[in-house]
Amino acid sequence: MKTRQVLIPACVCVLLISCAPLPIYRLHPIAEDTRWLQGQERVYVAQHGVEAEIAFDRTDGSELVFDLWIHNRSAPAFCIAPEQFYYVLLHTPKDTSSAQIGRVYARNPETKLLQIDVAVSRENASQATSAALDFTSATLNLVGDLATIKEEKTPEQIEQKEQEQREEEAARQERELLQESKLSRLQRERAYWATAPLRKTTLEMNQSLEGLVYFPAVEKKFYMYLKLMLPLGETTLEFVFAQEKIKP
């Protein structure tokens, strides 16, 4: 009885922890001049012929999403590689002692697309395997029916056989719907990651590029600021944001 009394509260705690909603973050740029556009507070920086404007867009699960615009005004062509973007957490907006925490790098869209392609390939293989198994099962059922076609069957046996066939057909249709739903979700996810995020691009002079950049959200007590570092060609642009954590 004592064991049961201990296990029940423990199980309740596990359920409460596993069902806890993820925190929502709001990031506000620390800058003298900002402008608002469609609900986003945007900050602009220009350095060595490279211009950039950035805004915090939203929290997506455990990801921080930024909307970034980059323009090569007069610099030599350079490669924009989002996976090289990173941030560090700060105690204060001008803190320089937080290097020990380490850098948090942006997600690489090309890696994400590869992961989705692998998942699609596996799902297609799973569908092909299921179709082959369904065909084999139907063939075996047909062979069995032909082998016993001359045997007299009771109404109960006939009803049982028909019920089994209905259940098999319902299970097959449910399996196909689940597979199609998963494949459709993967295809939508791929279409999004192929177009919405900022992807690796060589930016020539007088060219611009805009897209979303995803970073893992890292929580560390007493570090209420975030410095975003964007290596772009021969320069690195810096943006500082104040973090506001909201618990749903």
* To do: Return a yes/no flag: does the stretch 112-120 have any residue that is modelled with pLDDT of 90 or more, of a type in the set (D, E, K, R) and in a helix (DSSP H, G or I).
  => yes
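So that you can scan it fast, the table gives a plain yes or no per residue for (1) at pLDDT below 95; (2) surrounded by fewer than 14 Cβ atoms within 10 Å (Cβ to Cβ); (3) in the same structural domain as Leu232 (by TED's automatic domain parsing):
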residue: Gly39; (1), (2), (3): yes, yes, yes
residue: Tyr44; (1), (2), (3): no, no, yes
residue: Leu68; (1), (2), (3): no, no, yes
residue: Ala75; (1), (2), (3): yes, no, yes
residue: Ile80; (1), (2), (3): no, no, yes
residue: Phe85; (1), (2), (3): no, no, yes
residue: Lys94; (1), (2), (3): yes, yes, yes
residue: Ser97; (1), (2), (3): yes, yes, yes
* **Residue ID - nearest to Lys112 (Cα to Cα), chosen from residues in the stretch 210-228 that are loosely packed, with under 15 Cβ neighbours inside 10 Å and in contact (Cβ under 8 Å) with a residue 60 or more places away in the chain** => Pro216
* To do: Please tell me if Arg188 is touching a helix residue (DSSP H, G or I) at 6+ places or on another chain (Cβ under 8 Å) and within 30 Å of Gln115 (Cα to Cα).
  => no
* Structure fact -> Condition set within 17 Å of Pro93 (Cα to Cα) and within 24 Å of the chain's Cα centre (by Cα), scope the stretch 21-37, selection surrounded by the most Cβ atoms within 10 Å (Cβ to Cβ): answer is Leu27
* Structure fact -> Leu186 fails exactly one of (1) in a strand (DSSP E or B); (2) under 21 Å from the mean Cα position of the chain (by Cα), namely (1)
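The values are calculated or read from the model by the stated rules, or taken from the named source; none is laboratory data. Quick caveat, the model's predicted, so the values are computed rather than measured. Virtual Cβ from ideal backbone geometry, glycine too; neighbours counted across all protein chains shown.
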